[in-house]
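**Student:** Quick one: structure below, then a few questions.
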2 protein chains.
Amino acid sequence: MSKVGIPKGMRDFSPVEVSRRNYIFDTIRMAFKKYGFQAIETPTMENLQTLTGKYGSEGDQLIFKVLNSGDYLAKSSEKYLNEKNSKALTAEISEKALRYDLTVPFARYVVMHQNDITFPFKRYQIQPVWRADRPQKGRYREFYQCDADIVGSDSLINEVELILLYDEVFSKLGLTDFDIKINNRKILSGIAEIIGKPNMIIDLTVAIDKIDKIGLDGVEKELLEKGFTADDLSKLNPVLHLSGGNEDKIKSLKVILKDSEIGLKGIEELSHIFFLLEKCKIKKANVKFDLTLARGLNYYTGAIFEVCTNQVQMGSIGGGGRYDDLTGLFGLKDLTGVGISFGADRIYDVLEELNLFTEKIGSNLSVLITHFDQTAFDYGFEILQTIRAANIHSEIYPSMVKMQKQMKYANDRGAENVLVIGEEEIKTGLLTLKNMASGIQEKYTVQDLILKLS
Amino acid sequence: MSKVGIPKGMRDFSPVEVSRRNYIFDTIRMAFKKYGFQAIETPTMENLQTLTGKYGSEGDQLIFKVLNSGDYLAKSSEKYLNEKNSKALTAEISEKALRYDLTVPFARYVVMHQNDITFPFKRYQIQPVWRADRPQKGRYREFYQCDADIVGSDSLINEVELILLYDEVFSKLGLTDFDIKINNRKILSGIAEIIGKPNMIIDLTVAIDKIDKIGLDGVEKELLEKGFTADDLSKLNPVLHLSGGNEDKIKSLKVILKDSEIGLKGIEELSHIFFLLEKCKIKKANVKFDLTLARGLNYYTGAIFEVCTNQVQMGSIGGGGRYDDLTGLFGLKDLTGVGISFGADRIYDVLEELNLFTEKIGSNLSVLITHFDQTAFDYGFEILQTIRAANIHSEIYPSMVKMQKQMKYANDRGAENVLVIGEEEIKTGLLTLKNMASGIQEKYTVQDLILKLS
């Protein structure tokens, strides 16, 4: 007998969980489509070399590799085998790996199918990814990413559309207080430039990114350790103390960055995005310029985004930005793009904590037909055909068991209504419908029942 | 630069392909829900030992194994390494594998979650599976299965429901001539019994299963080779020459099988299914008793099904049956169940060949807004906000380019309509809507446009 279990970091999803997850995916998908994005899908397995080297050396370790089929050791080096050199042997016994994110496969897709694509290409992708990370609360080894990107257009209208998309999705999911933080990598470059340390932008952004966690003092300490001087910090000081609304901050930065061409370009982009946003109706989001937003990924070159809710203690539930050379690694240079991602698992946790999954989500059985005997069953089975023809989600309890057991099933199954068929119902043709939530029982003809439930 | 490609037997899906595939999945999913089935999802990776030994030794070879993370060779046997013993080493360096079908994970799920499940449990599952098979036309290494099963109920009403489900889905997909073939394993057992070779039922069914391919003579030749005698064949002869409609065949078989208890039980089950079906309205299917239907899988114990279309040369597009001990391997004995599966890839090919994917499927852009200059763009961007608020799928061409290029994009993108914004439209407020299929242009106010497109 096989032991029953699943690999750590993996999950089974019950019917209720699947319904709730699909509610999130469907809400995101509907918005993607409404905004003109088209779905693509890429295979679960990519060639290992497509993925290797794209996520840093730590990322490479976390890629799940698939063992070659057949006699995979036949051609492997005795040397590696004798040395038990796992790392070197991997390349010889594994040529495929599981998708680690949706970004690299998307870049590979665009390059591979460039002749069939009309640019600008607005694609979305909702698929699982796999990472051999240490599992912990909220971190799984298999999880979904939901990405939308526009490639082949440098118009800032695209950034605005993505902000509107975030607003639409999170408002629709029922969040009432959430921030869409926006910054621009060029502004961060500009700041590094005026300090005279343009090559240290990464150290700078990594440190600034921690301001919420370790405070201003912590950031300054880290910057000193990384090689910034006290003089640099004094130049940085007005930057880190920017205050006021979006416009005030932009105005102050224009002065601070007056000698940095790239910095001013970043401010211009940011201002234009806010200008365009004024023409749009934001539903619920607070769109905030946040200079401390850096985002770790190095491929961003323009706007960067992050979404956080203020209703629940939780990390970012979405993020993205503009990049200028995503496909360069695969030989297609200078293709600009901008994209966002939704963190489905965290969104699930937020909605659960805020009790935003309504009862309706998960129940998809409108009527269970129950019966007292074989005659009632036969009668009920005919009713079932009639109401199903009217597209009502329905089933009949399949065996002859006590009414109590049928009712327990209706309850556990989350049936919205139960139809009780007995002698009287057959005689009069009037059917007793019991609403499971309210307990109210009412009598209907079949036709009235269909009208009521349609 | 990385070479651009994907592993053999794997596929990218373009926007049109994703839309068409989702049309198939959605049609199946809607029917599953309507019939009261609930979705579960299981992880992509199962423990290797959960899968090993469930698909025969040939199947075991086709399971994709995932390499353990980290220094996976550290604890492996020098002996296997020195011998280059791939087979023995696998168990030491791989403990996880990719889902090979949906049936075994479902059985594992039922056993693992048995305390949370109310039986009868009607579950559906639409997820990809992976097999390291040699790729060929129509056979891929990653493909979707769409399964529905009822476990924990031996009522034959379940068989009937599954037949109705097949009828509903394939009718809805536009097929007009297809057979749902039905047989019963007990009848086949009965036949083996009256020949006096009850242990040779598998040889018998495997041979009978080939009657369409190799003819009656071929089947007889194969049976002789397997150890059946000329006398056995003469007893089999009336069985293989059964003719007439479902009722005629059943009547003849009752005589032939009069001395086999199990055979008569099979006939009784089959008759009852046909009796129940008479109370139902079949849309398009021909439900046919087919004694030559055997289906390879050994776990079937009662009814077996297979669906074929007569409109296109293609193998079966669906199949299933009843089993009595699916979960026994995982320690839960005597749980009966019945299930069916839809072959999504073959269904895709059938619909494509019959031209049953309508134009509507794939297009999800109702309006592309085009513009002659910056003023027109700004005006169009405001229109976009208004029509999107009315849930119309729409986008604006994001950059200032020639109208011709914008029109080419609209065409390639499959936009249903184009809104052309120029000086006159801004002046009059009357918008020019061009239908891309008909070429007809008409003028609308924004409000009328929303009414027209909603």
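The values are calculated or read from the model by the stated rules, or taken from the named source; none is laboratory data. In this text, all values refer to a predicted model and were calculated from it rather than measured experimentally. Methodologically, a virtual Cβ is constructed for each residue, glycine included, from the backbone with ideal geometry; neighbour enumeration extends over all protein chains shown. In case anyone asks, the SASA skips ligands and DNA or RNA and just uses the protein heavy atoms, side chains included. Shrake-Rupley method; radii C 1.70, N 1.55, O 1.52, S 1.80 Å.
**Student:** Give the nm distances, rounded to one decimal, from A:Ile361 to the matching residue in every other copy, measuring between label points 7 Å along Cα toward the beta carbon; shortest first.
**Tutor:** Result, one decimal in nm: 2.9.
**Student:** With a 1.4 Å probe and every protein chain left in place, work out the accessible area per residue of chain B in Å², rounded to a whole number.
**Tutor:** Using a 1.4 Å probe on heavy atoms only, each residue of chain B averages 43 Å².
**Student:** Heavy atoms of the protein only, probe of 1.4 Å, neighbouring chains included. What is the accessible area of B:Cys146 in Å², nearest 10?
**Tutor:** Approximately 0 Å² for this residue.
**Student:** Then there is this: Explain nothing, just the number: dipole magnitude of the range B:281-406 about its Cα centre with +1 on each Lys and Arg Cβ and -1 on each Asp and Glu Cβ, in debye rounded to the nearest 20.
**Tutor:** With Lys and Arg at +1 and Asp and Glu at -1, about 380 debye.
**Student:** Filter the trypsin sites (Lys or Arg not before Pro) in the range A:1-60 to those in DSSP coil with at most 12 other Cβ atoms within 10 Å of their Cβ, and list the result.
**Tutor:** Filter output for the range A:1-60: A:Lys3, A:Lys8.
**Student:** Okay, moving on. Indicate, rounded to the nearest 5 percent, the antiparallel portion of the DSSP beta bridges found entirely in the protein assembly as shown.
**Tutor:** So the antiparallel bridges amount to about 75 percent of the total.
**Student:** If you don't mind, there's one more thing I want to ask. When we measure straight from the Cα of A:Lys251, which aspartates and glutamates land under 17 angstrom away, once same-chain ones fewer than 8 places off are left out?
**Tutor:** Straight-distance partners of A:Lys251: A:Asp259, A:Glu261, A:Glu268, A:Glu269, A:Asp290.
**Student:** Could you tell me which residue out of A:Ile126, A:Thr428, B:Gly215 lies farthest along the dipole of the protein assembly as shown toward its positive end? Charges go on the beta carbon: Lys and Arg +1, Asp and Glu -1, centred on the Cα centre.
**Tutor:** B:Gly215
**Student:** Within the range B:293-360, what whole-number % of the accessible surface is contributed by carbon and sulfur, with the 1.4 Å probe and all protein chains included in the calculation?
**Tutor:** Result for the range B:293-360: 47 percent of the exposed heavy-atom area is carbon or sulfur.
**Student:** Give the residue list of GluC sites (Glu not before Pro) in the range A:175-227 that are DSSP loop and have at most 12 other beta-carbon atoms within 10 angstrom.
**Tutor:** For GluC sites (Glu not before Pro) across the range A:175-227 that sit outside H, G, I, E and B with at most 12 neighbouring Cβ atoms in 10 Å, the list is empty.
**Student:** Once amide H atoms are built 1.01 Å from N in the peptide plane, which residues 5 or more positions from A:Val66, or in another chain, come under 5 Å H to H?
**Tutor:** Close amide H contacts, sequence-distant or interchain: A:Lys96, A:Ala97, A:Leu98, B:Leu67.
**Student:** Would you list the membrane-span-like helices of chain B, meaning whole DSSP H runs whose alpha-carbon atoms span at least 27 Å along their axis and whose mean Kyte-Doolittle value is at least -1.0?
**Tutor:** Helices meeting the criterion: B:15-34.
**Student:** Here is a further query. For the range A:363-453, give the magnitude of the charge dipole about the Cα centre (Cβ charges: +1 Lys/Arg, -1 Asp/Glu; no others), in debye to the nearest 20.
**Tutor:** Roughly 240 debye, rounded to the nearest 20.
**Student:** Express in % the proportion of alpha carbon pairs of the range A:14-81 at distances exceeding 17 Å.
**Tutor:** For the range A:14-81, the fraction of Cα-Cα distances above 17 Å is 70 percent.
**Student:** Mind checking the log10 I(q)/I(0) for the range B:197-336 at q = 0.10, 0.11, 0.21 Å⁻¹? Debye, one equal scatterer per Cα, no solvent, two decimals.
**Tutor:** Normalising to I(0) and taking log10 leaves -0.40, -0.49, -1.58.
**Student:** Next up: Would you mind working out the magnitude of the charge dipole of the range A:142-287 relative to its Cα centre, with +1 at each Lys and Arg C-beta and -1 at each Asp and Glu C-beta, to the nearest 20 Debye?
**Tutor:** Dipole magnitude for the range A:142-287 comes out near 360 debye.
**Student:** Right, something else. Name the residue farthest towards the positive end of the dipole of the protein assembly as shown from the options A:Gly439, B:Leu165, B:Leu257, assuming +1 on Cβ of Lys and Arg, -1 on Cβ of Asp and Glu, about the Cα centre.
**Tutor:** Checking the options against the dipole of the protein assembly as shown, the answer is B:Leu257.
**Student:** Which loop-located trypsin sites (Lys or Arg not before Pro) does the range B:315-377 contain, where loop means any DSSP state but H, G, I, E or B and the Cβ has at most 11 other Cβ atoms within 10 Å?
**Tutor:** In loop regions of the range B:315-377 (DSSP not H, G, I, E or B), the sparsely surrounded trypsin sites (Lys or Arg not before Pro) are B:Lys333, B:Lys360.
**Student:** Taking the label point 7 Å from Cα in the Cβ direction, how far apart in nm is A:Ala91 from each other copy of itself, listed shortest first?
**Tutor:** Label point to label point, same position, other copies: 3.2 nm.
**Student:** Moving to a separate point now. Under a 5 Å amide H to amide H cut-off, with H placed in plane at 1.01 Å, what residues pair with A:Ile396 once short-range neighbours are removed?
**Tutor:** The answer is A:Ile369.
**Student:** May I ask you to derive the relative contact order of the range A:363-453, considering only C-alpha pairs under 8 Å and at least 6 residues apart, and to give it as an integer percent?
**Tutor:** 32
**Student:** Heavy atoms of the protein only, probe of 1.4 Å, neighbouring chains included. What is the accessible area of A:Thr292 in Å², nearest 10?
**Tutor:** Per-residue accessible area (A:Thr292): approximately 30 Å².
**Student:** Still on this structure: Return the aspartates and glutamates within reach of B:Lys54: Cα separation strictly under 17 angstrom, same-chain partners fewer than 8 residues apart disregarded; answer none if there are no such residues.
**Tutor:** Reachable aspartates and glutamates: B:Glu46, B:Glu95, B:Asp101, B:Asp133, B:Asp324, B:Asp325.
**Student:** At what distance in angstrom do the alpha carbon centres of the range A:233-293 and the range A:181-200 lie from each other?
**Tutor:** First find each Cα centre; the distance between them is then 13 Å.
**Student:** Quick one: what Rg and Dmax do you get for the protein assembly as shown from the alpha carbons, in Å?
**Tutor:** 31.5, 104
**Student:** Further question on the same structure: Quick one: buried accessible area between B and A, total over both chains, 1.4 angstrom probe, nearest 100 Å²?
**Tutor:** Heavy-atom accessible area buried at this interface is about 9100 Å².
**Student:** If you don't mind, another one. Could you put A:Tyr124, A:Tyr379 in order of accessible surface area, largest first, with the 1.4 Å probe and the full protein assembly present?
**Tutor:** Highest to lowest solvent-accessible surface, that is A:Tyr379, A:Tyr124.
**Student:** Tell me which lysines have Cα within less than 18 Å of A:Lys79's Cα, excluding those fewer than 8 residues away on the same chain?
**Tutor:** Within reach: A:Lys87, B:Lys75, B:Lys79, B:Lys84.
**Student:** Arrange the residues B:Thr432, A:Thr428 by how much accessible surface each exposes, largest first, with a 1.4 angstrom probe.
**Tutor:** Ranked from most to least accessible, the order is A:Thr428, B:Thr432.
**Student:** Moving on. A:Gln313 label points, 7 Å along Cα→Cβ, one per copy: pairwise distances from this copy to the rest in nm, shortest first?
**Tutor:** A:Gln313 label point versus its equivalents elsewhere: 6.8 nm.
**Student:** Could you check what % of the DSSP bridge pairs in the range B:325-454 are antiparallel, to the nearest 5?
**Tutor:** 50
**Student:** How much of the DSSP bridge set in chain B is antiparallel, in percent, rounded to the nearest 5?
**Tutor:** 75
**Student:** Got a number for carbon plus sulfur as a percent of the range A:1-145's accessible area, 1.4 Å probe?
**Tutor:** About 45 percent, which is the carbon plus sulfur part of the accessible surface.
**Student:** Next question. Run the numbers on the range A:65-86: which residues show a drop of 30 Å² or more in accessible area, chain on its own versus all protein chains together, using a 1.4 Å probe over heavy atoms?
**Tutor:** A:Lys65, A:Val66, A:Leu67, A:Ser69, A:Tyr72, A:Leu73, A:Leu81, A:Lys84, A:Ser86
**Student:** Report, largest value first, the span of the C-alpha coordinates of the range A:1-129 along each principal axis, in whole Å.
**Tutor:** Computed over the Cα atoms, the extents are 58, 48, 28 Å.
**Student:** Now, a different point. I'd like the accessible area for A:Met400: 1.4 Å probe, protein heavy atoms, all chains in place, Å² to the nearest 10.
**Tutor:** Rounded to the nearest 10, the figure is 90 Å².
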